[in-house]
Amino acid sequence: MKKLFFKNQNNAERTARFIISIFLLPAPFIYECDPFSITQGIIGGVLLFNAISGTCVIYQLLGANTCNIN
């Protein structure tokens, strides 16, 4: 059986996603709660999950794996 969550991102990509999520997560609290800022917060949450877990579901669906890139 194939594992659902396995690491498929290299450390540089995880770091970039973490930094971007830091800027996107507080958008709904800083700006008015309009649909655009809420969408930014959701995308920031997804990127934070990707950065912490090292798993990108879209990469998994496409069969991509950036762990082995030097």
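Just so you know, all these numbers are worked out from the coordinates, no wet-lab data involved. Note that the coordinates shown come from a computational prediction; the quantities given were computed from them, not determined experimentally. Methodologically, a virtual Cβ is constructed for each residue, glycine included, from the backbone with ideal geometry; neighbour enumeration extends over all protein chains shown.
Just a few scattered comments:
- If you take all other residues with their beta carbon under 12 Å from the beta carbon of ILE52, and give Lys and Arg +1 and Asp and Glu -1, the sum is +3.
- Put a plus charge on the Cβ of each Lys and Arg, a minus charge on the Cβ of each Asp and Glu, and nothing anywhere else: the dipole of the chain about its Cα centre is then about 460 debye.
- Only helical runs count toward this figure. For the chain, summing -39,500 (n - 2.57) over DSSP H runs of n ≥ 4 and dividing by all residues gives -18500 deg cm²/dmol at 222 nm.
- Across region 15-27, coupling constants 3J(HN,Hα) worked out from phi with the 6.51/-1.76/1.60 Karplus curve, θ = phi - 60°, read 5, 4, 5, 5, 5, 5, 5, 4, 7, 8, 4, x, 4 Hz, and Gly and Pro carry x.
- In this structure the amide hydrogen of ASN10, modeled in the peptide plane, comes within under 5 Å of the amide hydrogens of THR66, CYS67, none closer than 5 places in sequence on its chain.
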